[in-house]
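See below for the structure under consideration.
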Amino acid sequence: MLDINFVRSQFPAFSEASLQGQAFFENAGGSYTCQPVIDRLTRFYRERKVQPYADYTASRLGGLEMDEARTGLSALLGVEADELSFGPSTTQNTYVLAQAFRQFMSPGDAIIVTNQDHEANTGPWRRLADEGFEVREWKIDPVTGRLNPEDLEPLLDESVRLVCFPHCSNVVGEINSVVEITALAHAAGAFVCVDGVSYAPHGFPDVGALGADIYLFSAYKTYGPHQGIMVMRRALGQSLPNQGHYFNADSLYKRFTPAGPDHAQVAACAGMVDYVETLADHHGVNTGQVHDLMRGHETKLLQPLLEFLSDRNNVRLLGPSDAQGRAPTVAISASTAGADLARQLADHGIMAGGGDFYAVRALEAMGIDPAHGVLRLSFTHYTSVDEIEKLIKALQVVL
């Protein structure tokens with residue numbers, strides 16, 4: 001069992017006076033930041049804010065802290081240290097990748113995208129159609145929002161070079177079978193790019209075991225600073241054209257970061273590993289088992305919320321009603337606009353979001369007007385039972 005009191009003690013937001021009485025349910029837009037990240041960021045700005053990797057002490061220590069972030073996170077994700085790189089955001093990392101594939105592919109090549117994705121992991125790839133490449137869409141079920149692997153198979157042939165899909169949708173919430181989908185794509189000779197932004201906050205995945213060639217997520221949603229984190233497996237990374245400075249072409253983690261890194265934020269990302277290690281030590285488990293602790297706690301809290309929403313006849317719950325198969329990112333469609341519902345919940349001390357959440361294609365595919373939007377209620381492992389009960393009571397009034 002996750003020690004929720006210990007978990008919440010690691011996040012200064014829960015002791016912040018201005019946030020007292022407020023329950024945070026817009027974690028899919030960005031999580032609270034854990035204390036180790038804040039400590040590392042503060043220390044870097046106070047003591048190491050110089051050009052890193054020189055011989056003088058402040059510079060040397062700054063470089064070591066940046067390296068520590070890369071080695072620590074890569075070990076947590078089950079990949080080699082040089083297979084992990086940082087960028088200003090996941091959206092920017094995806095644009096860089098799209099440019100690399102534009103140079104890598106040949107006329108007649110195809111890419112598969114989905115309409116379940118956040119626009120950041122579909123828009124850059126779709127724009128390659130303007131360059132003469134074929135873009136095929138793997139469509140969701142319009143009723144359930146599900147991506148069925150059997151619908152992918154007819155789209156796969158020898159011309160497909162890349163399959164892009166989310167580990168978990170930011171509005172549907174269902175967790176897609178990355179291992180199964182990756183196996184299908186690889187069997188057809190295609191690479192796989194997985195958008196993990198909506199999954200990683202609920203337990204850092206073992207990317208090595210998943211088998212994906214590219215895995216992307218955002219540190220500001222995994223209790224850290226505003227950085228995009230990208231895993232690029234070596235076989236693919238060395239084949240794609242270099243997008244960085246020409247003299248960095250031999251460094252795998254620099255090949256797809258044309259902009260200079262944000263030294264302080266990269267260094268602060270090591271605090272996310274500190275946090276996971278702290279949880280592991282406190283609970284007497286290894287770091288890989290922290291994922292299961294987080295998911296177990298979230299699943300326990302999520303099921304009552306799903307049952308409450310499923311029992312109502314005036315809302316439409318997007319995605320599955322079984323907590324085991326989804327992340328705690330819950331979107332509902334109602335007669336009242338999503339943003340209006342969020343504003344009403346704010347009067348009850350509930351911080352939630354309403355709108356389209358850059359999932360315009362998914363909402364349209366399910367027959368929902370993006371302008372009307374949905375109410376999204378998203379939480380993570382630091383959410384308490386009391387907060388779930390408070391949310392349900394507020395929803396009873398608002399709905």
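Structure summary
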quantity: Of residues in the stretch 5-25 being in contact (Cβ under 8 Å) with a residue 40 or more places away in the chain and open to solvent by 40 Å² or more (accessible area, probe 1.4 Å), the one farthest from the chain's Cα centre (by Cα); calculated: 21
quantity: Unique residue being among the acidic types (Asp, Glu) and within 19 Å of the chain's Cα centre (by Cα) when the list is 277, 298; calculated: 298
quantity: Residue within the stretch 100-110 that is of a type in the set (A, V, I, L, M), open to solvent by less than 10 Å² (accessible area, probe 1.4 Å) and farther than 30 Å from residue 260 by Cβ present; calculated: yes
quantity: Qualifying residue in the stretch 47-65 (condition: out of contact with any strand residue (DSSP E or B) (no Cβ under 7 Å at 6 or more places or on another chain), hydrophobic (A, V, I, L, M, F, W, C), part of a helix (DSSP H, G or I) and in contact (Cβ under 8 Å) with a residue 40 or more places away in the chain); calculated: no
quantity: Within the stretch 178-199, tally of residues that are open to solvent by 10 Å² or more (accessible area, probe 1.4 Å) and either touching a Leu at 6+ places or on another chain (Cβ under 9 Å) or within 17 Å of residue 230 (Cβ to Cβ) (or both); calculated: 10
quantity: Members of the stretch 245-282 found to be touching a strand residue (DSSP E or B) at 6+ places or on another chain (Cβ under 6 Å) and assigned to a helix (DSSP H, G or I), listed by number; calculated: 253, 266
quantity: Positions within the stretch 362-399 being open to solvent by 10 Å² or more (accessible area, probe 1.4 Å), without any contact (Cβ under 8 Å) to a residue 40 or more places away in the chain and in contact with a helix residue (DSSP H, G or I) (Cβ under 6 Å, 6 or more places away or on another chain), in sequence order; calculated: 370
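Conditions (1) touching a strand residue (DSSP E or B) at 6+ places or on another chain (Cβ under 7 Å); (2) free of Cβ contacts under 8 Å to residues at least 60 places away in the same chain; (3) in a strand (DSSP E or B); (4) crowded, with 20+ Cβ neighbours inside 10 Å, marked per residue:
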site	(1), (2), (3), (4)
112	yes, no, yes, yes
130	no, yes, no, no
137	yes, yes, yes, no
144	no, no, no, no
164	yes, yes, yes, yes
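The values are calculated or read from the model by the stated rules, or taken from the named source; none is laboratory data. Please read these numbers as outputs of a predicted model, since none were measured by experiment. Positions of Cβ are generated from backbone atoms using ideal geometry, with glycine treated the same way; all protein chains shown enter the neighbour counts. In case anyone asks, the SASA skips ligands and DNA or RNA and just uses the protein heavy atoms, side chains included. Shrake-Rupley method; radii C 1.70, N 1.55, O 1.52, S 1.80 Å.
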